[in-house]
1. Taking VAL339 as the residue in question, decide whether it is at pLDDT 95 or above, within 18 Å of the chain's Cα centre (by Cα) and under 26 Å from LEU102 (Cα atoms).
2. Identify all residues within segment 196-226 that are in a helix (DSSP H, G or I) and closer than 21 Å to VAL150 by Cβ; write none if there are none.
3. Condition first: closer than 14 Å to THR281 by Cα and not aromatic (Phe, Trp, Tyr). Can you find one or more residues in segment 95-110 that meet it?
4. Could you grab me the full set of residues in segment 222-233 that are in contact with a Gly (Cβ under 8 Å, 6 or more places away or on another chain) and surrounded by 21 or more Cβ atoms within 10 Å (Cβ to Cβ)?
5. If you take the residues in segment 158-195 that are in a helix (DSSP H, G or I) and small (Gly, Ala, Ser), which one is surrounded by the fewest Cβ atoms within 10 Å (Cβ to Cβ)?
6. Quick one: how many residues across segment 325-341 are in contact with a strand residue (DSSP E or B) (Cβ under 7 Å, 6 or more places away or on another chain) and over 12 Å from LYS183 (Cα atoms)?
7. Looking only at helices (runs of 4 or more DSSP H) that lie completely in segment 302-374, which have at least 1 residues being in the same structural domain as PRO200 (by TED's automatic domain parsing), closer than 16 Å to TRP184 by Cβ and out of contact with any Gly (no Cβ under 7 Å at 6 or more places or on another chain)?
Amino acid sequence: MRLHSSRLRTLLGAAMGSALTLSAVTMVPAGAASTTNVNVVGYSVVGPVTKALEASFQASAAGQGVTFTNSFGASDTETNNVVNGQAADIVNLSYEPNIATLVKASKVPSNWASQELTNGHVNPALKGKKQQTVYPTPGIVTDSVVVFVVRPNNPLKIATWGDLIKPGVQLVTPNPLTSGSAKWNLLAGYTSQLSLGRKPAQAQNYLKSLISHTVAQPTSGSAALSTFLAGTGNVLLAYEDDALAANTAGEAVEIVTPPQTLLIENPIALTTSGVTNPAATAFYQFLYSAKGQNTYSTFGYRSVLKSVWARTKNAFPSFKKPSYQWTISKINKNGWSVVDPTFFGTSVVFPSNDSQHPSSGIATYLEQFAGKNT
């Protein structure tokens, strides 16, 4: 399924233009009585929309006098930087294991997922979890999906996951040792096979072939896009929002939304310093507000706020069957706490009756088998 959405491109283009204009204004509004700084740390792809959100927040009453310090990069790298002392009040990372690492390091409160209920945009007329404005997962600020980015006119006629393992296909996808985007991409390939009714062992065989077609594994999603735009490979696995941004910026690429894909859920959290920083908590709340979520939407993200999603969902490709859009919790009901070591753990373990299909460290083994990350 190729994504053709003039409405979304129009909204996205307007948002990017606004971001460029807003970023040029002074960081401290005239007449502000005091200045409070918020340190925002995020995965590489979220940089442009975060800067637009910061400028919009500064123009609001709650954002008067607030300044921002940003750090964006490969999700695992940014996580390790925060563990090692980098200042952070808000962390917006690629996937939940990054937050778990920060919880273990006492950088993020253990109840981070419930911060949305206490600080975010909720319905006060409801009680408890019913107030939650996200779809299935608390603490998730944006959704996206894994898509294919191809050369103009799609010369290889790429349409499905099966097409990616045909002769001549050269893939670019980030490195799973440093990038959350890489993990989403590989899991999307794996679950695409489960969507088609294939067994886990067959899905591993497919993933083995997919990795063997990889010709570059840059450190982050943004670096992977830059590598592809520079001419490496003929298919890029990417976040839908990052692909849309490249398309809207006029890059010579096309976007193909495969029939089966994985829902990307990006978490956000106030750190232990952020929960005591009124400016940080106010900005966190703004991100979940209708205005904040609409900005995310215009940058190509699938909104987690139900009212915004209802207005914007027709601008995004849908899927023929609900079963064609997998989630992490569908892979395992315990979510990333099980999925991450099962696929990306450093310890590769094989069941006693199968020496070719690991039960843990699946992607780690397949990467090593293909000569990657060795």
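The values are calculated or read from the model by the stated rules, or taken from the named source; none is laboratory data. Owing to the predicted nature of the structure, the values given are computational and were not obtained by experimental measurement. Here Cβ is always computed from backbone atoms with ideal geometry, including for glycine, and neighbour counts include all displayed protein chains.
1. Taking the combined requirement at face value, the residue satisfies it.
2. The answer is TYR206, LEU207, SER209, LEU210, ILE211, SER212, GLY221, SER222, ALA223, ALA224, LEU225, SER226.
3. Yes, that holds for at least one residue.
4. The answer is SER222, and nothing else.
5. Once the filter is applied, the top-ranked residue is GLY162.
6. 3
7. Fully inside segment 302-374 and qualifying: 328-331, 336-344, 362-369.
For every residue, the table says whether it meets (1) crowded, with 22+ Cβ neighbours inside 10 Å; (2) among the polar types (S, T, N, Q).
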{"position": "PRO259", "(1), (2)": "no, no"}
{"position": "THR271", "(1), (2)": "yes, yes"}
{"position": "THR281", "(1), (2)": "no, yes"}
{"position": "GLN285", "(1), (2)": "no, yes"}
{"position": "ALA290", "(1), (2)": "no, no"}
{"position": "TYR296", "(1), (2)": "yes, no"}
{"position": "PHE299", "(1), (2)": "yes, no"}
{"position": "THR312", "(1), (2)": "no, yes"}
